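K.L.:
Right, I'll just put the structure down here and ask away after.
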Amino acid sequence: MSRTVVVLNGPNLNLLGLREPEIYGRVSLEDIKAATRARAKTHGLEADFRQSNDEGELVTAIQGARTSAAGIIINAAAYTHTSVAILDALLASDLPVIEVHLSNIYKREEFRHHSYVSRAATGVICGFGAHGYELAVDAMANILVSRKTK
Ligand code: CA2
């Protein structure tokens, strides 16, 4: 089994730490990447951490994960609420998927309460800020261990 977990980040998350700190905090995506990779290492996993503003690029990355990775952690950002293409790619990947959001999307506007990604996800972590990525790595490690022992 691959020891790689692909961690995908959608549009505008490259702006983390630079804009809207009251919603998304002061931590940059580079900081989150470092923390996620370090956490993955504690489980003997490697985090392939990526960000794209492009829906097609995210779909291509999900398709690639099917043959190269053990699981997918995804914060699809605004595409969470709009993208059937990302949902279809996640379903086709046949991999465990964990959905992450920095903010608690259920405390926010109504349009953020619906997630297409959730239909493909084993679980959702939201509202814990940057720490949510580390929680997602722990959850993924747990899923992968229990799959191996089955
Ligand atoms: O809370 C999350 O992680 C979100 O996925 C973030 C998305 C939002 O559309 C989702 O509803 C919830 C937005 C990401 C934009 O990130 C920015 C970061 C800094 C400044 C501006 C936008």
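K.L.:
Report the extension gain between Ala38 and Asp88 in nm, rounded to one decimal, defined as 0.36 nm multiplied by the number of residues separating them, less their alpha carbon distance.
P.N.:
15.0 nm
K.L.:
Can you give the relative contact order of the chain as a percent, counting alpha carbon pairs under 8 Å and 6+ residues apart?
P.N.:
The normalised contact order for the chain reaches 26 percent.
K.L.:
Please report Rg (one decimal) and Dmax (integer) in Å for the Cα set of the range 89-148.
P.N.:
12.4, 40
K.L.:
Oh, and also: Where the accessible area of the chain is counted over protein heavy atoms with a 1.4 Å probe, how much of it, in %, is carbon and sulfur?
P.N.:
After summing per-atom areas, the C and S share lands at 50 percent.
K.L.:
So which aspartates and glutamates pass the test for Lys148, namely a Cα distance under 19 Å, with those fewer than 8 places away in the same chain ruled out?
P.N.:
In chain and number order, the partners are Glu46, Asp94, Asp138.
K.L.:
How far, in degrees from 0 to 90, does helix 55-68 lean away from the longest principal axis of the Cα atoms of the chain, to the nearest 10?
P.N.:
Computed tilt is about 20 degrees.
K.L.:
For the chain, what is the calculated [θ] at 222 nm in deg cm²/dmol (nearest 500), taking -39500 (n - 2.57) for each run of four or more DSSP H residues and dividing by its residue count?
P.N.:
Only helices count here, giving -12500 deg cm²/dmol.
K.L.:
Any idea what Rg and Dmax come out to for the range 50-122 if you just take the C-alpha atoms, in Å?
P.N.:
For the range 50-122, the Cα radius of gyration and maximum Cα-Cα distance read 11.7, 37 Å.
K.L.:
Please state the equivalent ellipsoid semi-axes for the chain: what are the square roots of 5 times the Cα gyration tensor eigenvalues, largest first, in whole Å?
P.N.:
Taking √(5λ) for each eigenvalue gives 22, 18, 14 Å, largest first.
K.L.:
Compute the whole-percent fraction of alpha carbon pairs in the range 18-90 spaced more than 16 Å apart.
P.N.:
The proportion of pairs with Cα distances above 16 Å equals 58 percent.
K.L.:
Something else about it: Helix 84-93 versus the longest principal axis of the chain: what is the Cα-based angle in degrees, 0 to 90, to the nearest 10?
P.N.:
The angle comes out near 20 degrees.
K.L.:
If I fit a long axis through the Cα atoms of helix 29-42 and take the longest principal axis of the Cα atoms of the chain, what angle between them do I get, 0 to 90°, rounded to 10?
P.N.:
30 degrees
K.L.:
Measuring with a 1.4 Å probe in the full set of protein chains, what accessible area per residue, in whole Å², belongs to the chain?
P.N.:
52 Å²
K.L.:
Now a separate question. For Ser68 and Glu109, FRET efficiency with R0 = 30 Å and r from the beta-carbon atoms, rounded to 0.05?
P.N.:
0.25
K.L.:
If R0 is 25 Å, what FRET efficiency do you get for Asn12 and Thr60 from their C-beta distance, rounded to 0.05?
P.N.:
0.85
The values are calculated or read from the model by the stated rules, or taken from the named source; none is laboratory data. Just so it is clear, the model here is predicted, and its values are computed rather than measured. Using ideal geometry, Cβ is built from the backbone for each residue, glycine included, and neighbour counts are taken over all protein chains shown. Side chains are part of the model used for accessible areas, which takes the heavy atoms of the whole protein and leaves out ligands, DNA and RNA. Shrake-Rupley method; radii C 1.70, N 1.55, O 1.52, S 1.80 Å.
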